[in-house]
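The values are calculated or read from the model by the stated rules, or taken from the named source; none is laboratory data. Remember, predicted model here, so these are calculated numbers, not experimental data. As a convention, Cβ positions derive from the backbone with ideal geometry for all residues, glycine included, and neighbour counts pool all protein chains shown. Protein only, heavy atoms only, side chains kept; ligands, DNA and RNA dropped before computing areas. Shrake-Rupley method; radii C 1.70, N 1.55, O 1.52, S 1.80 Å.
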Amino acid sequence: MTQPRARMSPRKRKLYVQVAAYAVFVLAVLGLVLFADWGAVGEYFLDLDVAANAFPKIITVALKNTVIYTLSAYVVGFVIGLVVALMRLSSIAVYRAVALVYIEVFRGLPALVVFLIFGFGLPVAFPGLVFPFEQYGTVAVALGLVAAAYMAETFRAGIQAVPKGQMEAARSLGMPYTRAMRSIVVPQALRVVIPPLTNELILLFKDSSLVFVLGVTAFTTELSKFGGDLAATYADSTPLVLAGAMYLVITVPLGYLVRRLEAKQGRAR
Amino acid sequence: MTPAVVISGLHKRFGDLEVLKGIDAEVQPGEVVCVIGPSGSGKSTLLRCVNLLEVPEEGTVVVNGVELTHRDVDIDAARRSVGMVFQQFNLFPHLTVLENLTIAQRTVLGRGKAAADGVARENLERVGLAEREGSYPAKLSGGQQQRVAIARALSMDPQVMLFDEPTSALDPELVGEVLAVMRSLADDGMTMLVVTHEMQFAREVADKVLFMDGGHVVEQGPAAQVVGDPQHERTKLFLSRVLNPNHLE
Ligand SMILES: Nc1ncnc2c1ncn2[C@@H]1O[C@H](COP(=O)(O)OP(=O)(O)OP(=O)(O)O)[C@@H](O)[C@H]1O
Ligand SMILES: [Mg+2]
């Protein structure tokens, strides 16, 4: 981008910004070191006895459930998102309208509200309604519907990034629209959207913590709720620190993966 | 003998812009017809109307006795008899050369793998690329990609082949190999409708040349006549520009 009004050269400006950022960082660290009560920090955030009590359930139950909730919602979101994206690009106006409304609604609603509707609204409105796999099914659908709205927009951008000539070449070979989409356009779009969809997976990992609003048992609990409950029991934040670390164990490598994929695609251009 | 292609009274507009203003043209079986004309005159649009990539507002396109523009016609089925080669090749980058040639055979014509591979290999042979069947398009030169694109269209056994400036996106040294393939197709009796700026090709290979300007066919006739001895002022002007690109009037 050109900035005609900038008086500094871009490089110089960047240098100043970096120096300022480091200064703020150093001040913040100094502040923490000087003003924190390190004894209390050790006791309330890194208490080994409390930490020992969190194992193994923090992994065998909480982490496992977080992974199940996330992945199942991801699969649901992927499928619905792709369908909604194709509807959004359809030549049939009704499909386009439905897709647009879907995206606007589920992208606009906080995931928390969707969970509340699934937890309290739907059971009242449809008394007989039971999701397969109970809690797991409910989460997969509720979180999946939210994820689908974001994924649909990602898929749409990916499909539109495929050159028009690809569809035309496929059609001129006699392929019907749906077949051309399935065999030619979508496979190429998927490659483009892998990095943003991996980002979406990271977001979902964190959003799966909202499952608590549905009410969870000892068997269906997930990382945040598990850590929170344990923290309340011991009046000590160590379990939360552990739960946080578990998220990072998953999300940091995923973030690394995204950067690798993006760099690779950047080179392929 | 029924003509291979009959275009009658064709009109096409994009919004307020009328691009084709009533085109009439015929291609006989086995004939090579070249379409020439200045940029923006509607050559690509005409070609794209012949396989309904663009739908004309008015007029008809009849291929081998079937009116493609009739609203009851199954457009996907109709397109099978018309092969198209694009300026930008438009090979499928995620598929190998062989898969590029077989995917439509298998999904559209319902050919089995062995049959489709057989047809594909025959056509790769025909364009001189038999040994590249396992390559991905990105690994090929532009000329090779365009030859694969021609083989891909041929693999559907079309009765008519459309070419939209097939050599315009190529480096000059790669043009010859593509024109050679097109020449051999013409020699084999393929019916071809070719939009091109290659006047020598038009003169030597075309049975008929159509000069378009401003959405009209201004002049048409045997290649020697239209290119060698044009009657209309606009044709003369266009040809003098194309044949002497450095000449400034
Ligand atoms: N999809 C479209 N939407 C709007 N206008 C279009 C579209 N396709 C073509 N046109 C316009 O129609 C006119 C004719 O285009 P066309 O591509 O048929 O010309 P051409 O003779 O093939 O030119 P060239 O030699 O540059 O390829 C041009 O003015 C072009 O801008
Ligand atoms: Mg053109």
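Here are a few things to note about the model shown:
- Condition met for B:Phe14 (within 16 Å of ligand 1 (Cβ to nearest atom), within 14 Å of chain A (Cβ to nearest Cβ) and either of a type in the set (Phe, Trp, Tyr) or closer than 21 Å to B:Val195 by Cβ (or both)): no
- Residues within segment A:170-187 that are facing chain B (nearest Cβ under 7 Å) and under 23 Å from the mean Cα position of the chain (by Cα), tallied: 1
- Residue selection: A:Asp229 satisfies the criterion of being more than 30 Å from A:Leu261 (Cα to Cα) and surrounded by fewer than 19 Cβ atoms within 10 Å (Cβ to Cβ).
- Being within 14 Å of chain A (Cβ to nearest Cβ) and more than 16 Å from ligand 1 (Cβ to nearest atom) holds for only one residue in B:Ala206, B:Ala151, B:Ala223, and it is B:Ala151.
- No other residue among B:Ala114, B:Ala104, B:Ala77 is in contact (Cβ under 8 Å) with a residue 24 or more places away in the chain and away from ligand 2 (no atom under 16 Å from the Cβ) apart from B:Ala104.
- Residue that is most open to solvent (accessible area, probe 1.4 Å) [pool: residues in segment B:107-126 that are in contact with a Ser or Thr (Cβ under 9 Å, 6 or more places away or on another chain) and of a type in the set (Val, Ile, Thr)]: B:Thr107
- B:His197 passes every criterion in (1) open to solvent by 60 Å² or more (accessible area, probe 1.4 Å); (2) farther than 16 Å from B:Asp164 by Cα; (3) under 19 Å from the mean Cα position of the chain (by Cα) apart from (2).
- Flag if B:Val55 is within 26 Å of B:Phe14 (Cβ to Cβ) and either open to solvent by less than 10 Å² (accessible area, probe 1.4 Å) or within 16 Å of ligand 2 (Cβ to nearest atom) (or both): no
- Apart from one condition, B:Val35 fits all of (1) away from ligand 1 (no atom under 16 Å from the Cβ); (2) more than 14 Å from chain A (Cβ to nearest Cβ); (3) closer than 20 Å to B:Ala186 by Cα; the exception is (1).
- Unmet requirement for A:Arg107, which otherwise passes all of (1) over 19 Å from the mean Cα position of the chain (by Cα); (2) at pLDDT below 95; (3) among the charged types (D, E, K, R): (1)
- Check on B:Pro29, open to solvent by 10 Å² or more (accessible area, probe 1.4 Å), more than 16 Å from ligand 1 (Cβ to nearest atom), more than 27 Å from B:Lys236 (Cα to Cα) and not aliphatic (A, V, I, L, M): yes
- Any chance A:Val249 is open to solvent by 60 Å² or more (accessible area, probe 1.4 Å), aliphatic (A, V, I, L, M) and away from every other protein chain (no Cβ under 13 Å): yes
- Flag if B:Gly221 is without any contact (Cβ under 8 Å) to a residue 40 or more places away in the chain and exposed (fewer than 13 other Cβ atoms within 10 Å of the Cβ): no
- Residue count for segment A:161-202 under the criterion of being more than 22 Å from B:Gln88 (Cβ to Cβ) and without any contact (Cβ under 8 Å) to a residue 24 or more places away in the chain: the result is 3.
- A:Ala161 being under 30 Å from B:Gln146 (Cβ atoms), surrounded by fewer than 19 Cβ atoms within 10 Å (Cβ to Cβ), among the small types (Gly, Ala, Ser) and in contact with a helix residue (DSSP H, G or I) (Cβ under 6 Å, 6 or more places away or on another chain): yes
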